[in-house]
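Encoded as structure tokens, the structure appears first; notes follow it.
The values are calculated or read from the model by the stated rules, or taken from the named source; none is laboratory data. Just so it is clear, the structure is predicted and the values come from calculations on it, not from any experiment. Heads up, the Cβs are rebuilt from the backbone with ideal geometry, glycines too, and the neighbour counts pull from every protein chain shown. Side chains are part of the model used for accessible areas, which takes the heavy atoms of the whole protein and leaves out ligands, DNA and RNA. Shrake-Rupley method; radii C 1.70, N 1.55, O 1.52, S 1.80 Å.
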Amino acid sequence: MLKSKANEKSAAMAALMEEYDQKLSSLRSTFRPGETIQGTVLSIGSQYLVLDINAPFQGILNRDLFNGSDTPLPSEGDTIDVCFMEMQEDGTAYLTLPGANPNAGNQSIEEAYVARQPIEGVFEKEVNGGYEVRMAGERAFCPFSQVALRRPREGAPSPLGTTQTFLIIEYNPRERTLVVSHRALEEREREAKAEKLRATLHEGDVVEGVVTKLMPFGVFVDIGGVEGLIPNAEISWDRSVKPADVLQEGMTVQVCCRRIDWDARRFSFSLKDTQRDPWLDFAASVSVGDKFMGTVVRLMPFGAFVQLKPGVEGLIPISRLGNGRALANASEVLKEGQLLEVRVESVDAEGRRLSLSVVSERVEALQQNVIAVGAELKGIVESVRPFGVFVRLNREKTGLLHAGETGIERGPAQFAQMQRTFAVGSDLTVVVIGLEGDRISLSLPSVTAARDQTRSEEERIRSLIRDAKTKENESGADFGNLGSVFDSLLQ
């Protein structure tokens, strides 16, 4: 009984194997190019129909072949006659309709290649070094470098499955070489746009463009046919603004054409020139003596540039820095980014120049007394020179204490002694002894007092001599040598 059941199972298995072998033998493993076969439609896509052709592999049929054909577009499950063309590398059979020109695709490709005309294709899959593109029933290769004029931004969608227009840059049907480029088409279109711009674009024109790239030195903008640079200095009136603060790739902006050089293909743009110049409003409202809080933006050998507001900068000359100490560069006393309170010393609206000075609390505290000969004033030592000491008397005026008025004996060591006695930045009381235009001559109270004492003594002696001579004349007496001495004193 058990043996009988085992025999039945063996017989059933043998029948199944025989049936499977018959099915395998019925599957076609190869087809001849041009052979007409039957296929069952498995699916219908936007570009291709997938067919079961009774083989270990499936076939694809270009949907465009039904356009203008006597054969209507079938439905899924329909069985239709097709013509085998070739096997693709991925093991898919490429099919066409019976009666269709098998070389139609090649003809359209060759015509597009010879005439340098664009032809449409679909990015089908990514391969080594680029993409496989299907066009006119043929497979083409598009290198990564030829996909677009500019490399796609990070995160940009893949072109796979999209339809694009190409130029054929290499074609050899014998070697089955077909290389296409969308970039070449973009470059050709840009050249055509550039020629139109050449006739209409002028320096000073404001045009619309698209930001293509942000670089450390500026921003590139495409205005349709040409690409130009906005240098960092032309991004904003505010020097503290960085390109990434206001711009990003793909953004549409209005730019002003600053410089156009068609021969060198160099174009310079400005973003800030499309905005109102803040200097105009500032110059109309500022007055000499006005005080502002500003930021040091540039340090130079001749002074420091301070930004008072975006687009408005002034210069503190190096002579107004260092408290009278000679400086080689403003960087010795200031740093970029440092906040300062400054005062406007002069304004040149036409020349866009602004002269500034640093506001000193000590100088501000000096009394604004009337400067007149004989006035005793308190000041601050600004600098010491071999010929004298400069003393700040108030916010606007500086006087000179001449070396001869310092009370220090003249000689080789006088200057060194002056430097030790009159330290820069120290307080000093002085007396005004002369005014000549803008020049103010000073002395020390002790020196003027000693001088006054000497003059008083001389005047006393002169008075005595005059009295003695008067008595001599009245009495007629002969004072001899004494009279001679008096005479010598009067000379």
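Regarding the range 232-250, can at least one residue be identified that is touching a Gly at 6+ places or on another chain (Cβ under 7 Å) and in a strand (DSSP E or B)? Within the range 232-250, not a single residue is touching a Gly at 6+ places or on another chain (Cβ under 7 Å) and in a strand (DSSP E or B). Only one entry in R352, R343 is basic (K, R), surrounded by 13 or more Cβ atoms within 10 Å (Cβ to Cβ) and touching a residue at least 60 places away in the same chain (Cβ under 8 Å), namely R352.
Confirm whether F267 is open to solvent by 40 Å² or more (accessible area, probe 1.4 Å), at negative phi, in a strand (DSSP E or B) and not β-branched (V, I, T). Criteria not met by F267. Among the residues of the range 50-69, the one identified as over 16 Å from G91 (Cα atoms), open to solvent by less than 30 Å² (accessible area, probe 1.4 Å) and not aromatic (F, W, Y) is N62. Within the range 196-231, the residues that satisfy the criterion of being assigned to a helix (DSSP H, G or I) and surrounded by fewer than 15 Cβ atoms within 10 Å (Cβ to Cβ) are K196, R198, A199, T200. In the set A283, A304, only one residue is in a strand (DSSP E or B) and open to solvent by less than 30 Å² (accessible area, probe 1.4 Å); that residue is A304. Residue-level check: of (1) surrounded by 15 or more Cβ atoms within 10 Å (Cβ to Cβ); (2) out of contact with any Phe, Trp or Tyr (no Cβ under 9 Å at 6 or more places or on another chain); (3) among the hydrophobic types (A, V, I, L, M, F, W, C); (4) farther than 25 Å from Q419 by Cβ, M293 misses just (1). Scanning the range 170-191 for residues that are under 15 Å from P118 (Cβ atoms) and open to solvent by 70 Å² or more (accessible area, probe 1.4 Å) gives R183, E187, R188, E189, E191.
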